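Have a look at the structure below, then the notes.
The values are calculated or read from the model by the stated rules, or taken from the named source; none is laboratory data. What you see is a predicted model; the values in this text were computed from it and never measured. Here the Cβ is made from the backbone with ideal geometry for all residues, glycine too, and neighbour counts use every protein chain on show. Ligands, DNA and RNA are stripped out before the accessible areas are found, and what is left, the full protein with its side chains, is counted by its heavy atoms. Shrake-Rupley method; radii C 1.70, N 1.55, O 1.52, S 1.80 Å.
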Amino acid sequence: MRLSLPLLLLLLGAWAIPGGLGDRAPLTATAPQLDDEEMYSAHMPAHLRCDACRAVAYQMWQNLAKAETKLHTPNFGGRRELSESVYTDVLDRSCSRNWQDYGVREVDQVKRLTGPGLSEGPEPSISVMVTGGPWPTRLSRTCLHYLGEFGEDQIYEAHQQGQGALESLLCGGPQGACSEKVSATREEL
């Protein structure tokens, strides 16, 4: 492979310029060190339940919104509204979907569930995400738990009020996975 003279000079110059390629610290990343509960428990670890709830709310909202866009006839208010049988089916499929896009990564010594709908602020320049394993099953079980706890009707009503309302229903409230009381208890452990 032959490099052209201008390209070769550009590469050599970048190494010689202060702050160029040669002065950067090497980027390194390691996989999160998972404890026994995170590796072997059948249930979602307590410190990841808020992230899991938010992931479930996001997927439910996305799937319901996608189903609504496929409707050809809006209701009297101009909104597209799913029938009970359709939104029940969509929510059931949301829970049985492939959750392989989700996993755990460690940023600033804090383990977080990551995946679609879970970004908060700037992404780290480099990180390692552990996917697969128990995470898809745990997320599916979490989703089924919320379907059983709230029911399809209440979840769809919250969806119609917006993504934030759905997340508040599932994850908020005094006993919700993302409540301040639950978060404070988690930090004490």
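So the values come out like this:
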{"read-out": "Meets criteria (hydrophobic (A, V, I, L, M, F, W, C), surrounded by 17 or more Cβ atoms within 10 Å (Cβ to Cβ) and modelled with pLDDT of 95 or more) for Cys178", "value": "no"}
{"read-out": "Residues satisfying the stated conditions in the range 98-115, i.e. free of Cβ contacts under 8 Å to residues at least 24 places away in the same chain and in a loop (DSSP other than H, G, I, E, B)", "value": "Asp108, Gln109"}
{"read-out": "Unmet requirement for Cys143, which otherwise passes all of (1) closer than 20 Å to His47 by Cα; (2) not in a helix (DSSP H, G or I)", "value": "(2)"}
{"read-out": "Residue match in the range 118-140 (condition: surrounded by fewer than 21 Cβ atoms within 10 Å (Cβ to Cβ), modelled with pLDDT of 90 or more and either at positive phi or part of a strand (DSSP E or B) (or both))", "value": "no"}
{"read-out": "Filtered residues of the range 131-155 (kept if touching an Asp or Glu at 6+ places or on another chain (Cβ under 9 Å) and among the charged types (D, E, K, R))", "value": "Glu152, Asp153"}
{"read-out": "Inter-residue pairs, beta-carbon under 6 Å, first in a helix (DSSP H, G or I) and among the polar types (S, T, N, Q) and in the range 60-74, second buried (at least 18 other Cβ atoms within 10 Å of the Cβ) and modelled with pLDDT of 90 or more, 6+ apart", "value": "Asn63/Val90; Asn63/Ser94"}
{"read-out": "Subset of the range 79-104 (residues that are of a type in the set (A, V, I, L, M, F, W, C) and under 15 Å from Gln62 (Cβ atoms))", "value": "Leu82, Val90, Leu91, Cys95, Trp99"}
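Per-residue answers, yes or no, for (1) at positive phi; (2) open to solvent by 80 Å² or more (accessible area, probe 1.4 Å); (3) at pLDDT below 90:
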{"site": "Gly20", "(1), (2), (3)": "no, no, yes"}
{"site": "Arg24", "(1), (2), (3)": "no, yes, yes"}
{"site": "Thr30", "(1), (2), (3)": "no, yes, yes"}
{"site": "Pro45", "(1), (2), (3)": "no, no, no"}
{"site": "Ala52", "(1), (2), (3)": "no, no, no"}
{"site": "Ala55", "(1), (2), (3)": "no, no, no"}
{"site": "Met60", "(1), (2), (3)": "no, no, no"}
{"site": "Ala65", "(1), (2), (3)": "no, no, no"}
